[in-house]
Amino acid sequence: MKASIQKIVFLALFLWVAKNTQAQIEYIGAGNSSGVTISTSSESKGTAAENSLNGNGMDVELMAASRFLGQATLGHHMDHVERVSAIGAEAWIEEQMAMDLEALTPRMYEIWDELLAWEMEYAIMEYEQQNPGAPITAEVLEDLEDDIYGPWALTFHYTWWEKALSGNDMLRQKMAYALSQIFVVSIESDLVDFAESLTTFYDIFMEDAFGNYKDILRKVTLSPAMGLYLSHYNNPREIPEENLHPDENYAREIMQLFSIGLYELNQDGTRKKDSEGRDIPTYNNNDIKELAKVFTGLGGTGVMPNPWIDDPYFGMDWYLDDKVTPMSMYEEWHEKSTKTILGELTIPANQPGMQDIDMALDHLFNHDNVGPFVSRQLIQRFVKSNPSPAYISRVAGVFNNNGSGVRGDLGAVLKAILLDEEARDCMESASPDNGKLIEPMLRHVHLGRAIPLSCYKDSTYVINGDTLSETPCTVNRLWLNGFDQRNNLRQSPLGAPSVFNFYLPDHQPVGELTQRGLVAPEFKIHDASTAINYINMMFVATVWDYYGGPWNRDINQDLGWLSPNTTLLEGMLEDPEAVFNYLDIVLMQGRMTDDLRNNLRTFVEEQPNWVSDSRKVRGVLFLMMISPEYTILK
């Protein structure tokens, strides 16, 4: 008894000493700087050296806000950082989710109307040159308009980039972009010719970014764009005597890529094992054949204006479909036999076709795999390539039940992803399995949002001097063609090379990451070619002032081009450290290393006197945008 009392007294004394000893530990920002002399390389804008130790000079809240926005958006600037810092991440999420939808399709048609008007001007001018004195009749105008190509993928790219660079619904845009990498259609198909089909498909994810995953499954299934891409448009029932069999493409991919994946999963994303320790497949070839029967009988609903037909029918050529209206069921072409899916669900014979589809989608949606399968991919797109099993399990749990008994609530899932301790705890950044390579296209977007873009035309400048003549554009638009990104970076919106996206979730680049058992999907498109092309694109965007512009400036001569507006940074260049600090926050979330800062400092100091402040700042931007500290999000 006496020994027990002694142990209790000793423990109490130990805890008291530990507590009071810990209180005396000094660290930067603790405030206990009495008697300490501090020097610094910069005391700009009224700052004092001692603020580095007493905490008054710390930008940790801004850095944390920028880190959050680096995960939650396609790109952000300082105003967004200050907003998140002021109201907090959760309040910002709620604010974003409350914003009205701004769909792409209406804006795409507006852009096309403008392009069409310009192209008609040139077409009329050319017609008059070739037919002097000939009247411009309504018939002539109609023929000239028919000869103008579009709207096509270029118009989609104009719309997407304008939205990405100027839209306020930043969280919705990031979620839509992430979902478009799960449910893949691509301009690397006949879809390239039809912007209305591309924007309508993308708007599914804009509309349901915070909605229910089951609704997306259904809308994607009925999308004419997906119907063409995965060939269940005009998919016929079984007619053996005519050698007609249901196409199996969509049935395979909706299981493999859109819902349950290849192998049975635990809630934490790890694979279940059979009695012999082997992975358990989720489906087999017979399941594909059975599910393919479900997706029969779907065809066009609307008809484009044409001289041949007025009403849609099963078998109508996709080119005549209006490409924006969800597909309809043609019962006479739907397979009416009994269907058994995944060995569990039996769909009765002779049901209406849409009832078959709804039963199949409901069964897939409620499969145990969907929560972890989808949650892991969304975490990869927003936060990190290698989420822990515990992180996946927490998010999948929210997918399974949002707290109110609702399954598949993407708004709740997204909030769980972004507010999870593994996403918000800065200590996680020290872990070797933390972080992700920022997609090269999104690095380009981020530059355009972090540094304001101005539109100029008729500009002449000397790269090695100060000569710079810039005239503001008469029409200021944020139009980029998108094909530069696809060609140079192997990435553009809806531009994946196949239904398997730009990269697989489990891609492992050769080297240390693979040796550590880690995945890094984005490294699939990071090689010598894309790395050099990215550096060149950043050099052109910053040092050469050309962020982007119209694809065909001969036609759109009023547009000029986009250039980063560095006026704010130039005003800070009297103290270069202020520029570095600003960009460290807005671009790098406070992760600038001493080596990079020293390199930037040396770069600025060694510039000849004749180099303008604009050129110095643009050089700093270039060096930061190609640095490893920037390209890896931690």
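The values are calculated or read from the model by the stated rules, or taken from the named source; none is laboratory data. Bear in mind the structure is a predicted one, so any value in this text is a computation, not a measurement. Heads up, the Cβs are rebuilt from the backbone with ideal geometry, glycines too, and the neighbour counts pull from every protein chain shown.
What the table shows:
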{"item": "Sole residue being surrounded by 15 or more Cβ atoms within 10 Å (Cβ to Cβ), out of contact with any helix residue (DSSP H, G or I) (no Cβ under 7 Å at 6 or more places or on another chain) and in a helix (DSSP H, G or I), chosen from Asp584, Asp595", "result": "Asp584"}
{"item": "Among (1) farther than 30 Å from Ser223 by Cβ; (2) buried (at least 16 other Cβ atoms within 10 Å of the Cβ), the one test that Asp287 misses", "result": "(1)"}
{"item": "Inter-residue pairs, beta-carbon under 7 Å, first at positive phi and in segment 289-317, second surrounded by fewer than 24 Cβ atoms within 10 Å (Cβ to Cβ) and among the polar types (S, T, N, Q), 6+ apart", "result": "Gly315/Asn234"}
{"item": "Lone unmet requirement of (1) crowded, with 18+ Cβ neighbours inside 10 Å; (2) not in a helix (DSSP H, G or I) for Val620", "result": "(2)"}
{"item": "Residue in segment 97-119 that is touching a His at 6+ places or on another chain (Cβ under 9 Å) and among the hydrophobic types (A, V, I, L, M, F, W, C) present", "result": "no"}
{"item": "Which numbered condition Ala86 misses (of (1) in contact (Cβ under 8 Å) with a residue 24 or more places away in the chain; (2) within 25 Å of Asp420 (Cβ to Cβ))", "result": "(1)"}
{"item": "Search result, residues across segment 509-523 that are buried (at least 17 other Cβ atoms within 10 Å of the Cβ) and either within 18 Å of the chain's Cα centre (by Cα) or not in a helix (DSSP H, G or I) (or both)", "result": "Pro509, Val519, Ala520, Pro521, Glu522, Phe523"}
{"item": "Per-region count, segment 561-583, residues among the polar types (S, T, N, Q) and at pLDDT 95 or above", "result": "1"}
{"item": "Out of Thr566, Thr530, sole residue that is polar (S, T, N, Q), under 30 Å from Tyr149 (Cβ atoms), in contact with a helix residue (DSSP H, G or I) (Cβ under 7 Å, 6 or more places away or on another chain) and in the same structural domain as Gly482 (by TED's automatic domain parsing)", "result": "Thr530"}
{"item": "Of all residues in segment 219-240 being part of a helix (DSSP H, G or I) and out of contact with any helix residue (DSSP H, G or I) (no Cβ under 6 Å at 6 or more places or on another chain), the one that is surrounded by the fewest Cβ atoms within 10 Å (Cβ to Cβ)", "result": "Pro240"}
{"item": "Test: residue in segment 306-318 that is surrounded by 22 or more Cβ atoms within 10 Å (Cβ to Cβ) and among the aromatic types (Phe, Trp, Tyr)", "result": "no"}
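Table: residues versus (1) assigned to a helix (DSSP H, G or I); (2) over 15 Å from Ala225 (Cβ atoms); (3) polar (S, T, N, Q); (4) touching a residue at least 60 places away in the same chain (Cβ under 8 Å).
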| residue | (1), (2), (3), (4) |
| --- | --- |
| Leu154 | yes, yes, no, yes |
| Trp161 | yes, yes, no, yes |
| Ala164 | yes, yes, no, yes |
| Asn168 | no, yes, yes, yes |
| Arg172 | yes, yes, no, yes |
| Met175 | yes, yes, no, yes |
| Val185 | no, no, no, yes |
| Val192 | yes, no, no, no |
| Thr200 | yes, no, yes, yes |
